[in-house]
Amino acid sequence: NKDVEDDPQKREVIMEILDAVFSTEGQKRAAAGSNVLTYNKTVEMSLPDSMEYVEECVEKNHLYQRLASTEFFAISMKVTENIINGKYGAEGAYKDFDAQLKAPEEPAEEDIVAVMEKGYDHNFTVHGSQAASAVANTMRNYLNTDVLIGYSSIISSSVYKGGYTAQQLNWLMCGRATVRKAELTGEQITEVMDWLVNVKEDGDNPIRHHTLIPVVSGMEYTIRDNEDGIYTLKDVTMNGKAIDEQAVYTVTLMGDDNFIEAEIFCGCPMPENIRTALKPVDQVPAAILTEALTDGAQLEVPTKYVTIRK
């Protein structure tokens with residue numbers, strides 16, 4: 001990107017990394033013993049015996065552009081039926097499979113379900129992501145809760161001005177996120193934020209990347225950037241004032257439990273008292289957002305939900 005182009009030292013380091021990744025040794029190490037096809041024509045990778053029948057395709061450096069599993073399944077069924085019925089053998093099946101996958105197909109017309117009059121940038125700043133904030137504010141208001149806390153990544157891209165189909169709204173949201181509600185005290189909300197920000201006693205870090213910094217609506221919080229890949233929660237506020245620890249609030253939690261809890265990822269299990277208090281919402285995030293934006297409704301204006309200090 002432009003930042004790299006303007007910094008010769010940074011560009012040199014990045015190019016060194018890319019050269020290593022795309023070298024023969026780098027590709028083999030990335031494969032980790034698995035069968036891999038490389039699309040770097042300068043790299044020689046020996047094919048296993050199981051790939052001998054598609055060698056011609058590999059040598060052409062051919063890449064299928066449509067890899068949807070539904071298409072593979074449907075075509076596989078047709079080809080298998082033709083083999084069983086004696087229409088062709090293995091070579092004919094391969095050629096037919098290849099031809100069907102490469103056949104042009106006109107995309108079906110999809111209805112526009114929402115029109116965004118304004119776009120919002122997904123890039124993270126010291127006050128968070130505008131796009132994530134706009135979505136979080138919209139979902140909190142639609143679900144009629146005091147607070148919404150989004151952990152892990154809740155949206156996948158910027159919000160663009162213009163029409164969206166239901167599928168495009170689905171792509172905007174991170175599909176593995178679950179949505180749950182609870183009645184929590186201000187003290188418990190602070191405990192949730194401690195869980196999502198602070199490094200644990202065993203060293204596990206809930207924030208592996210800035211996209212994992214929690215997105216909140218209906219409140220704000222401040223964290224310190226320790227400049228070593230970890231953050232420290234400083235305070236939690238509502239409308240600029242310290243949260244009332246004794247007050248009870250309706251709270252929506254939205255995120256990917258597996259990503260934040262599994263040992264191979266963040267390794268930070270949800271506090272058990274919070275888990276017990278949560279009740280599932282019987283809708284996926286994309287469906288909630290789609291309903292919230294019907295009849296010309298717009299995304300709520302983003303807010304500065306986080307402040308990052310050095």
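Taking Cα pairs under 8 Å and at least six residues apart, what relative contact order does the range 168-296 come out at, in percent? List each step's numbers first, then the result.
Numbers: 187 pairs, mean separation 52.3, N = 129.
Answer for the range 168-296 is 41 percent.
Normalised by the number of residues in the range 79-190, what is the relative contact order in percent for Cα pairs under 8 Å and 6+ residues apart?
Working: 88 pairs, mean separation 28.5, N = 112.
Dividing the mean separation by the residue count of the range 79-190 yields 25 percent.
Can you list the aspartates and glutamates whose alpha carbon is less than 16 Å from that of K78, not counting same-chain residues fewer than 8 positions off?
By straight Cα distance, K78 reaches E91, D96, D98.
Excluding residues on the same chain fewer than 8 positions from K10, give the aspartates and glutamates whose Cα lies under 20 Å from its Cα.
Leaving aside aspartates and glutamates fewer than 8 places away in the same chain, those within reach of K10 are D19, E227, D228.
Using per-residue counts of other Cβ atoms within 10 Å, averaged over each peptide, order 224-235, 7-18, 277-288 from highest down. Each step should come with its number before you reach the end.
Numbers: 224-235: 13.7, 7-18: 10.9, 277-288: 15.6.
Going by the mean number of other Cβ atoms within 10 Å, highest first, we get 277-288, 224-235, 7-18.
Rounded to the nearest 500, what is the 222 nm mean residue ellipticity of the chain from helices alone, with -39500 (n - 2.57) per DSSP H run of 4+ residues and division by all residues? Write down the numbers at each step before the final one.
Details: 12 runs with 112 residues, N = 310.
Taken over the chain, the calculation gives -10500 deg cm²/dmol.
To check you understand DSSP bridge types, tell me what percent of the beta bridges within the chain (both residues inside) are antiparallel, rounded to 5.
Looking only at bridges with both residues in the chain, the antiparallel portion is about 75 percent.
When you have a sec, figure out the Kirkwood radius of the chain from all distinct Cα pair distances and drop it here in Å to one decimal? Could you put the intermediate results ahead of the total?
Numbers: mean 1/r = 0.0430 Å⁻¹.
Evaluated over the chain, this radius sits at 23.2 Å.
Please identify every one of the trypsin sites (Lys or Arg not before Pro) in the range 146-193 that sits in a loop by DSSP and has no more than 12 other beta carbons within 10 Å of its own beta carbon.
Details: sites: K161, R176, R180, K181; in loops: K161, R176.
Passing both the DSSP loop test and the Cβ count: K161.
Would you kindly calculate the translational diffusion coefficient of the range 163-218, applying Stokes-Einstein with the Kirkwood radius from alpha carbon pairs, for 37 °C and a viscosity of 0.692 mPa s, and quote it in µm² s⁻¹ without decimals?
Working: Rh = 14.1 Å.
Rounded, D is 233 µm²/s.
Return the lysines within reach of K304: Cα separation strictly under 27 angstrom, same-chain partners fewer than 8 residues apart disregarded; answer none if there are no such residues.
K2, K118, K161, K181, K200, K234, K241
Each reported figure results from applying straightforward, stated rules to the coordinates on display, with no laboratory input. Keep in mind the model is a prediction, meaning the values are calculated, not measured. Backbone-built Cβ (ideal geometry, glycine too); neighbour counts: all protein chains shown.
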